[in-house]
Structure formats: structure tokens, C-alpha cells
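Derivation of every value follows stated rules applied to the coordinates shown; laboratory data play no part. None of the values given here were measured: they were computed from a predicted structure. Neighbour counts run over all protein chains shown; Cβ positions are idealised from the backbone, glycine included.
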Amino acid sequence: MPVYISRDDRYFQDNYQGIPGNGYTGVIEKMLDNPRIRVELNTDFRDVKDSIKFEKLIYTGCIDEFFGFRFGELSYRSLDFNFKPYDMEFFQSVAQINYPENYDYTRITEYKHFLNTKSRKTTVAYEYPQEYEPGGNDPYYPIPNDANNNIYMKYNEEAEKLSDVLFIGRLAEYKYYNMDQIIARALKTFEELC
Ligand SMILES: Cc1cc2nc3c(=O)[nH]c(=O)nc-3n(C[C@H](O)[C@H](O)[C@H](O)COP(=O)(O)OP(=O)(O)OC[C@H]3O[C@@H](n4cnc5c(N)ncnc54)[C@H](O)[C@@H]3O)c2cc1C
């Protein structure tokens with residue numbers, strides 16, 4: 001964790017920082033609002049992969065899962081989010097405060113700061129670090145170390161042989177991306193495909 005001693009209370013150090021005016025929900029809703037897009041929720045890729053026809057598949061799930069774990073399992077970090085409502089306008093003065101020691105949770109996020117939401121009440125999320133348990137919780141962060149990098153390289157070699165499947169995103173590329181980076185990655189991929 002980098003430590004900054006300054007009066008800048010923002011988490012990141014980029015000069016220009018922001019989020020979409022209606023949040024990411026608004027962006028995704030607009031993107032999906034197209035008659036040519038069909039969304040199937042609660043549907044595992046593995047259950048439908050043989051019944052869906054495609055020219056190009058963009059795969060955003062775990063790359064080890066795609067290849068049936070044939071070179072072993074990659075490890076991931078997970079989190080447990082405990083959402084707590086409070087009967088007060090604000091719980092904390094900024095969106096996110098980290099607790100690197102002394103507590104079981106590692107940060108508290110108060111989302112209403114992001115979009116300047118007006119409400120007499122608030123909800124915050126306490127984040128508790130967890131190991132990833134397939135089927136039990138979600139894989140959030142890749143764990144880059146020699147063992148995992150070696151496994152990933154084997155999967156990546158297989159992935160490069162498939163001309164009709166693109167592996168994109170933090171799970172498919174086993175690489176941490178922030179939102180600005182993954183959006184840039186998606187736009188670049190779109191340009192290349194076109
Ligand atoms: C706790 C946390 C906090 C973060 N905070 C920030 C932040 O403050 N600022 C910032 O810029 N970024 C943040 N990020 C990063 C941001 O969330 C990622 O950059 C972004 O979500 C990456 O997009 P993606 O498409 O690679 O992956 P995802 O958004 O994870 O999309 C992958 C999709 O694939 C689906 N999928 C996976 N496997 C299957 C399967 N077998 N079948 C069907 N669907 C499947 C998943 O359900 C998911 O919808 C945070 C990430 C986490 C985990």
C-alpha cells in the first residue's frame with residue numbers, strides 16, 4: 001500500500017478523476033438498451049456454451065475455468081461485503097476509509113459520496129478479506145506470484161490458439177484492472193474488431 005501524506009482526500013492520484021454522472025449502472029443500462037442485445041442473468045457460461053452460436057466470443061470469466069482447470073487452479077482473493085444502514089446523513093466524511101490493521105475489516109465505503117446523493121439516511125459497506133472458494137463466493141482479485149503466473153502462461157498459450165475467442169478482463173487475463181483501464185481495454189478491442 002502506498003502512503004501519501006497530503007491534503008488530497010481522494011483515493012487515487014490521477015489529476016483527473018470522476019465517475020459517470022448516473023454512476024456505472026446508468027452506463028451499463030444505456031449500453032444494454034439495444035434490441036440486438038439479449039441479457040441472460042444467472043446463467044453460467046458453461047451451461048450455454050454449446051447451445052449458442054457465435055462468430056466471435058468475448059469471454060470475461062476465469063481463464064482456468066474456461067479450460068476446465070487442466071493446468072491447475074489459479075488463486076484469487078475474495079471479499080465479504082457487510083452492508084449496514086445508519087440513521088444519519090453521513091457516516092464518514094469521505095467515500096472510503098481504509099483500515100490496514102487493528103480491525104477485521106479492511107475498509108469502509110460510503111457510496112452516497114460518489115454521486116452526491118441526498119438522503120437523511122446512509123448505508124456503508126464493511127469489507128472483510130476472504131479466500132476465494134469456488135461456488136461459495138466470488139473471485140475478485142488475481143494474486144500475481146510466480147506459481148500463478150506460470151499457470152496463467154500455460155492457459156494464455158492455449159487461449160492464443162483460439163481465433164474465435166477473445167479473453168478480456170481481470171478474470172480472463174488474470175490481471176487487475178481499474179475501471180478506466182478496463183474501459184480503455186474494451187474500447188481498443190472494439191476498434192480492433194471493427
Ligand atoms: C472490491 C472491488 C473494488 C473495486 N474498486 C474500484 C475502484 O474504486 N475504482 C476502479 O476504477 N475500479 C475498482 N475495481 C475494479 C473494477 O471493478 C474492475 O476494473 C472492473 O469490474 C473490471 O471489469 P471486467 O469486465 O474485467 O470484470 P467484471 O466486471 O468482473 O466482469 C466479468 C463478468 O463476467 C461474468 N462471469 C464470470 N464468470 C462467468 C461464467 N462462468 N458465466 C457467466 N458469466 C461469468 C461475471 O459475472 C461478471 O459480470 C474494484 C474491484 C473490486 C473487486
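Numerical summary
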{"item": "Computed over the chain, Cα set: Rg, Dmax in Å", "result": "19.5, 55"}
{"item": "Taking the range 1-158 and dividing mean pair separation by its residue count, relative contact order in percent (alpha carbons under 8 Å, at least six apart)", "result": "24 percent"}
{"item": "Which listed pairs, of LYS154/LYS175; LYS30/LYS188; LYS154/LYS188; LYS56/LYS161, have C-alpha distances above 23 Å, in listed order", "result": "LYS154/LYS188"}
{"item": "Excluding exposed DSSP-loop trypsin sites (Lys or Arg not before Pro) (at most 16 other C-beta within 10 Å), longest clean stretch of the chain", "result": "122-174"}
{"item": "Cut-off under 5 Å, modelled amide H: who pairs with VAL124 long-range", "result": "LYS84, TYR86"}
{"item": "Positive-end residue, the chain charge dipole about Cα centroid, Cβ charges, pick of ILE58, GLN130, PHE190", "result": "PHE190"}
{"item": "Folded to 0 to 90 degrees: helix 179-193 orientation relative to the chain principal axis, Cα", "result": "30 degrees"}
{"item": "Compactness index (Cα Rg / 2.2 N^0.38 Å), the range 148-194", "result": "1.23"}
{"item": "Sequence-distant lysines (8 or more away, or on other chains) whose Cα lies within less than 19 Å of LYS84", "result": "LYS112, LYS118, LYS121"}
{"item": "Anisotropy class of the range 27-93 from Cα gyration tensor, a/c 1.5 cut", "result": "oblate"}
